[in-house]
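Visitor: One structure, pasted below without further comment.
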Amino acid sequence: MKNLNRALRMTLKYRWSLLASFFCSAMVAVLWSLNLGAVYPFVEIVIKGKSLHQWVADEDTESQQLITSSQNSIRELEARLNANLKPTESSKIQGEINANLYDIQIQETRTAGRAKLAPYIKKYAPEKPFTTLAYLMALMFIGTVLRGMFLMGSMVSVARVGQRTMLDMQNRVFQNVLDMEASELGVKGTGDLISRIRGETGAICQAITTLFGKTIREPLKMTGCLVGAAWVNWRLLLFSLLICPIAGYLMLKLAQVTKRANKRAMEDSAKLLNRLYQALTYMRVVKAFTNEDNERRRFDLVANDVYKKSMRISVFGALSRINNELLGVSMISLSVLAGGYLVLNSTNYLFGIRMCDAPMGFGSLMMFFGFLIGIADPLRKMADVYNMIQGGVVAADRVFPLIDQVPAIQDPASPVEIPTGKLDIEFCDVRFEYEPNQPILRGITEQIPAGTSLAILGHNGCGKSTLINLIPRFFETNGGAEQSDGQVRIAGHDIRNYPVKSLRQKIGYVTQQTMLFNDSIAQNIAYARPEATHQEIVAAAQKAHAHEFISAMEHGYDSMMGEHGGKLSGGQRQRISLARAILKDPEILILDEATSQIDPESEKLIHETLAEFITGRTTVLITHRMSTLELADKIMIMREGQIVDCGTHDQLLSRCPDYRRMRNLQLEEAA
């Protein structure tokens with residue numbers, strides 16, 4: 001509940017909407033009670049063929065008769081009290097005298113109240129019964145219309161608070177997710193993160209809307225009815241509420257069980273979303289290996305678990321509704337039995353306990369029942385509130401850890417400004433491991449002078465991509481508890497001394513796995529520099545030899561690329577990625593197998609472009625193509641997280657067996 005309370009504190013930002021909602025809810029409760037209170041004048045006055053004028057006169061006459069009767073009884077009892085009686089008999093008679101005195105006081109109070117109303121009734125109330133009935137119905141209609149307007153105001157105000165708070169949470173979660181390390185995204189799963197950003201914040205919004213909507217509005221309506229019922233007969237009301245503690249205990253137990261069920265359901269829903277996201281993202285792989293049936297089975301298993309958890313929550317919701325329905329029926333049943341006994345027997349006592357100041361009439365009993373029915377309706381509407389709130393509690397426990405999470409990659413407390421111009425890169429005993437005691441990099445030390453290029457060769461899994469991912473701080477260097485993790489230096493400073501954003505603005509990054517958005521080609525190229533002009537975008541595309549195929553498309557640079565650039569070939573996607581890097585014009589360029597999917601004809605043209613583009617620019621290349629190696633000033637050979645050798649092509653050819661072996665394999669494949 002602590003995290004849901006934090007979400008509720010976030011709603012205070014929209015305090016005026018909350019105040020408007022509270023005011024509207026209070027007005028709904030007042031008008032709800034007044035509408036139900038109209039039962040008494042309808043039954044007691046109009047149906048008996050009286051006007052309000054006649055009712056006041058008759059009530060005054062009846063009160064005077066009751067006062068006279070009580071006074072006569074007191075005189076008789078006082079005469080008996082003066083006789084020599086036993087103490088017990090005297091005490092009993094004195095009690096009867098006090099009861100009659102109390103009855104006189106009650107009737108005098110009621111007479112005084114009617115006396116205050118009499119001038120207004122005489123001035124405004126109609127004199128004929130049917131006209132009185134018409135006025136009464138008109139007032140009920142107006143009250144219902146007003147109640148509907150205030151209800152709408154309450155619901156709209158609460159919806160605004162809930163939706164705006166949900167939007168605030170989504171923005172904060174998304175902001176923190178973007179600050180996560182890439183490895184953290186892989187651990188949590190894309191589907192789980194999407195579920196938390198969209199699904200769980202939606203559940204919190206629903207809980208907020210419920211808490212500030214139904215949870216305030218319906219109890220206020222109940223309170224208004226309770227006040228009305230207490231005004232009619234507070235003793236009978238207390239008797240009717242004897243069943244409430246039992247129902248409250250059952251409700252508490254159901255809420256606890258529902259919270260656990262909601263937590264499991266949300267976790268399984270996130271798994272289902274992960275399964276769905278992966279199957280749809282890798283649809284071609286699924287079809288290529290004819291794994292549709294297997295994916296359906298896996299999806300069905302997870303979906304079936306979600307179904308079972310959802311049904312369990314539905315059962316608890318139904319039990320909550322039954323509990324509330326039984327509470328309402330039990331209250332009315334108790335009041336019908338007790339009230340019926342008092343009216344039918346014209347008595348003030350039940351089981352020797354005084355239940356009312358004066359014998360209840362049929363009209364006042366009907367009004368009492370009307371108020372109790374008015375309590376039952378909000379109780380029924382509150383049946384699903386507990387499930388929604390418990391769902392919100394669980395959702396908040398899943399969302400706020402993402403909001404509270406401190407990104408592993410942080411700006412330094414005292415940042416150093418990155419110098420302008422050419423930048424050198426230096427790896428100083430760099431160590432890294434994804435899992436404890438499973439090192440990926442084992443003390444890499446190498447320098448890339450400013451304006452030069454370094455190509456990195458090695459078998460898959462030797463740590464090449466991990467090493468270059470340390471340069472823009474996608475990961476942080478680490479080497480275990482007992483050894484230094486080393487440093488990656490740019491322009492003589494540890495990159496951890498630079499602001500992260502400033503560092504990455506200096507770096508262009510092109511990977512083998514092209515990362516393109518479902519947007520226009522122009523927007524994808526301009527992602528590097530959103531303020532770039534169309535002419536600059538076209539110039540970058542021309543340098544990447546992408547302009548020709550882009551111009552041949554129906555909408556040219558405004559053509560949509562599809563999911564992950566699916567409307568383009570692999571080579572075309574890589575040229576778009578290169579154009580993006582060229583447009584950025586970074587001081588440092590990282591190419592991770594950036595030309596692996598380009599056809600030989602395009603490769604030659606792009607190599608010419610790259611040869612010109614990387615001149616005087618610090619460049620790091622990962623490649624297995626010998627043609628690409630010609631672009632590099634130096635070549636570094638890696639094996640099992642360590643540097644085997646580093647030098648020029650001729651130097652490595654003369655002294656490095658690993659390099660000769662890789663070169664010979666390339667030549668054999670080319671032949």
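A short reminder: the numbers here are calculations on the coordinates, not readings from a lab. Please read all numbers here as calculations on a predicted model, not as lab measurements. Virtual Cβ from ideal backbone geometry, glycine too; neighbours counted across all protein chains shown.
Visitor: Taking every alpha carbon pair in the range 453-599, what does the distance histogram look like in 5 angstrom bins from 0, in percent?
Guide: 2, 9, 17, 19, 17, 13, 10, 7, 3, 2, 1, 0, 0
Visitor: Here's another thing I want to ask about it. As an exercise, use a Förster radius of 60 Å and the Cβ-Cβ distance of Gln542 and Val156 to find the FRET efficiency, rounded to the nearest 0.05.
Guide: Efficiency for this residue pair is about 0.65.
Visitor: Now for a different question. Filter the GluC sites (Glu not before Pro) in the range 417-456 to those in DSSP coil with at most 11 other Cβ atoms within 10 Å of their Cβ, and list the result.
Guide: Those satisfying the criteria are Glu417.
Visitor: Mind checking the range 347-447 for chymotrypsin sites (Phe, Trp or Tyr not before Pro) that DSSP puts in a loop (not H, G, I, E or B) and that have at most 10 other Cβ atoms within 10 Å?
Guide: Hits after loop and neighbour filter: Phe351.
Visitor: Ok, one more. In nm, give the distance between the simple-model label positions of Arg75 and Lys501, each being 7 Å from the Cα along the Cα-to-Cβ direction.
Guide: 9.6 nm
Visitor: Which order results if Asp658, Asp592, Asp300 are arranged by neighbouring Cβ count within 10 Å, fewest first?
Guide: Asp300, Asp658, Asp592
Visitor: On the Cα set of the range 1-159, report Rg and Dmax in Å, please.
Guide: Rg and Dmax of the range 1-159, Cα atoms, are 25.5, 77 Å.
Visitor: Can you find, among Gly562, Pro219, Ala265, the residue sitting farthest towards the positive end of the charge dipole of the chain, where Lys and Arg contribute +1 and Asp and Glu -1 at Cβ?
Guide: It is Pro219.
Visitor: Across the Cα atoms of the range 90-188, what radius of gyration and what greatest pairwise Cα-Cα distance (Dmax) are found, in Å?
Guide: 31.6, 92
Visitor: Now for a separate question. What distance in nm lies between label points placed 7 Å from Cα along the C-beta direction at Ile121 and Leu101?
Guide: Calculated label separation equals 3.0 nm.
Visitor: May I ask for log10 I(q)/I(0) of the range 490-574 at q = 0.15, 0.18, 0.21 Å⁻¹, from a Debye sum over the Cα atoms as equal point scatterers with solvent left out?
Guide: With no solvent term, the Cα-only Debye profile gives -0.62, -0.81, -1.00.
Visitor: List the pairs from Lys13/Lys309; Lys464/Lys506; Lys13/Lys308; Lys464/Lys584 whose alpha-carbon separation is above 28 Å, in the order I gave them.
Guide: Values: Lys13/Lys309 35 Å; Lys464/Lys506 21 Å; Lys13/Lys308 38 Å; Lys464/Lys584 24 Å.
Lys13/Lys309; Lys13/Lys308, as the Cα separations exceed 28 Å there.
Visitor: Could you give the angle, 0 to 90 degrees to the nearest 10, between helix 129-178's Cα long axis and the longest principal axis of the Cα atoms of the chain?
Guide: Between helix and principal axis, roughly 20 degrees.
Visitor: Let me ask you something else. To check you understand DSSP bridge types, tell me what percent of the beta bridges within the chain (both residues inside) are antiparallel, rounded to 5.
Guide: Here the share of antiparallel DSSP bridges comes out near 55 percent.
Visitor: Could you calculate the contour length gain from Val416 to Met140, that is, 0.36 nm times the residue separation minus the distance between their Cα atoms, to one decimal place in nm?
Guide: 92.0 nm
Visitor: Okay, moving on. Suppose R0 equals 41 Å. What FRET efficiency, 1/(1 + (r/R0)^6) with r the Cβ-Cβ distance, do Asn460 and Asp404 give to the nearest 0.05?
Guide: 0.65
Visitor: If you don't mind, there's one more thing I want to ask. Could you work out how far apart the two model spin labels at Ala318 and His534 are, taking each label as a point 7 Å from the Cα in the direction of the beta carbon, and quote it in nm?
Guide: 6.2 nm
Visitor: Expressed as a whole percent, how much of the Cα-Cα distance distribution for the range 361-460 exceeds 15 Å?
Guide: Of the Cα pairs, 84 percent sit more than 15 Å apart.
Visitor: If each residue's Cβ is checked for other Cβ atoms within 10 Å, how do Tyr102, Tyr509, Tyr498 rank with the fewest at the top?
Guide: Tyr102, Tyr498, Tyr509
Visitor: In what order do Ser240, Ser63, Ser310, Ser25 fall by count of nearby beta-carbon atoms within 10 Å, going from fewest to most? Present the calculation step by step, with values, prior to reporting the outcome.
Guide: Values: Ser240 24, Ser63 19, Ser310 15, Ser25 27.
Lowest count first: Ser310, Ser63, Ser240, Ser25.
Visitor: State the extension gain, in nm to one decimal, for the chain segment bounded by Ser346 and Asp558, taking 0.36 nm per residue of separation less the distance between their alpha-carbons.
Guide: Stretched out fully, the Ser346 to Asp558 stretch lengthens by 67.6 nm.
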